[in-house]
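The values are calculated or read from the model by the stated rules, or taken from the named source; none is laboratory data. Since the model is a prediction, treat every value here as computed from it, not as a measurement. As a convention, Cβ positions derive from the backbone with ideal geometry for all residues, glycine included, and neighbour counts pool all protein chains shown. Heavy atoms of the whole protein, side chains included, go into the accessibility calculation; ligands, DNA and RNA do not. Shrake-Rupley method; radii C 1.70, N 1.55, O 1.52, S 1.80 Å.
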Amino acid sequence: MSKTISFHLQKGGVGKTTISGTLSCQSAMNGFTTLLVDVDPQGNASSWFYDGELQYELSDVLQGKCFITEAIVEIPTIPNLFLLPTFGIGGGLKQYAETKIADEPYVLQDLVRELSGSFERIILDLSPGLGKLERSALIASDEIITPMTPEVFSLDGLEIFIDELEKIKKNLRSPVRHEKIIINSFDERIRQHKDIYEAAMMGSFEVFKIPVDPVFRKSQERNVAPQLFKQRGKGLKPITLEAIKKIDAKIWR
Ligand SMILES: Nc1ncnc2c1ncn2[C@@H]1O[C@H](COP(=O)(O)OP(=O)(O)OP(=O)(O)O)[C@@H](O)[C@H]1O
Ligand SMILES: [Mg+2]
């Protein structure tokens, strides 16, 4: 059975794309046919993993301008990993979201249903915010996992997200699960980070941590998977790899 996960918090820069991309790679490296869908008009996930020319993008599929198969591309360096891209500059997703999606809240759910026959695992990378496009993606998912940075504003953001998600689920009659959070860019040496982790643990969520690791940014600059990035023989820290594997082992059940 196919499973679809969104990593979401309405706050910007908490690691949604980094985590979506890294866990898509991990899943594919473990042999599962995995599709990363770039539902962010910024197109960050697409420019990270795909360096070449793209003919079609997600918004073309949503508007019936091409077949799904024409828009999906294989990621050459990672067997089993596929991308349904969004062009960053000059792309059509922003305009589509502003003009069309208001009338079609289930458009991404319909798309995911169609894709689930071909992919074992689907990850949606969303833009910050809780507009119509993000809502459509959230209810297209089986599970939403919230990435947050170890700061008070992220905790506040989580409270707001929990509240908003309840409303979205009720309005659009969605059973989507929201049971896990990932504290990203975590540094064991910083007291405030530990305090935020402990505060997060007080709730009913299963809480994971991903350490701060400069290789994520470097791998994005070089258009490679973080697991494959090496500079002078060094890649992701062992503790980071361990965290990624631990999260991967838990989220697909
Ligand atoms: N664990 C980490 N350690 C170090 N840097 C990280 C980590 N996670 C993410 N980053 C860096 O933080 C920046 C923001 O990450 P990212 O783009 O994934 O956030 P985002 O939530 O997707 O942002 P947006 O809201 O704009 O979509 C990037 O430069 C990324 O390389
Ligand atoms: Mg992003």
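Some notes on this structure:
- Condition met for SER127 (of a type in the set (Ser, Thr, Tyr) and open to solvent by less than 70 Å² (accessible area, probe 1.4 Å)): yes
- LEU115 open to solvent by less than 10 Å² (accessible area, probe 1.4 Å), more than 16 Å from ligand 1 (Cβ to nearest atom) and at pLDDT 95 or above: yes
- Filter pass, ASP110 being of a type in the set (Asp, Glu) and in a strand (DSSP E or B): no
- Residue list for the stretch 30-40, filter: open to solvent by less than 10 Å² (accessible area, probe 1.4 Å) and either without any contact (Cβ under 8 Å) to a residue 24 or more places away in the chain or in a loop (DSSP other than H, G, I, E, B) (or both): ASP40
- Residue in the stretch 41-56 that is under 18 Å from the mean Cα position of the chain (by Cα), surrounded by fewer than 20 Cβ atoms within 10 Å (Cβ to Cβ) and among the aromatic types (Phe, Trp, Tyr) present: yes
- Residue check for LYS11: of a type in the set (Lys, Arg), more than 16 Å from ILE123 (Cβ to Cβ) and surrounded by fewer than 23 Cβ atoms within 10 Å (Cβ to Cβ): yes
- Close pairs from the stretch 41-59: first closer than 23 Å to SER136 by Cα and away from ligand 2 (no atom under 15 Å from the Cβ), partner open to solvent by less than 10 Å² (accessible area, probe 1.4 Å) and part of a helix (DSSP H, G or I), Cβ under 6 Å, at least 6 apart: TYR56/ALA71; SER59/LEU93; SER59/TYR96
- Some residue of the stretch 86-108 being open to solvent by less than 10 Å² (accessible area, probe 1.4 Å) and within 16 Å of ligand 2 (Cβ to nearest atom): yes
- Which listed residue, of ILE5, ILE19, is in a strand (DSSP E or B) and within 16 Å of ligand 1 (Cβ to nearest atom): ILE5
- Residue satisfying all of: in the stretch 122-174; among the aliphatic types (A, V, I, L, M) and assigned to a loop (DSSP other than H, G, I, E, B); nearest to VAL14 (Cα to Cα) among these: LEU130
- The lone criterion from (1) surrounded by 21 or more Cβ atoms within 10 Å (Cβ to Cβ); (2) under 22 Å from GLU179 (Cα atoms) left unmet by GLU143 is number (1).
- Which listed residue, of SER27, SER59, SER46, is of a type in the set (Ser, Thr, Tyr), within 16 Å of ligand 1 (Cβ to nearest atom) and not in a loop (DSSP other than H, G, I, E, B): SER46
- Across the stretch 195-233, the qualifying residues are those that are touching a Pro at 6+ places or on another chain (Cβ under 7 Å) and farther than 15 Å from LEU158 by Cα, and the one among them that is surrounded by the fewest Cβ atoms within 10 Å (Cβ to Cβ) is VAL215.
- Test: residue in the stretch 151-172 that is open to solvent by less than 60 Å² (accessible area, probe 1.4 Å), farther than 27 Å from GLU120 by Cβ, more than 18 Å from the chain's Cα centre (by Cα) and more than 16 Å from ligand 2 (Cβ to nearest atom): yes
- Taken as a whole, the structure places THR18 among residues that are in contact (Cβ under 8 Å) with a residue 12 or more places away in the chain and open to solvent by 10 Å² or more (accessible area, probe 1.4 Å).
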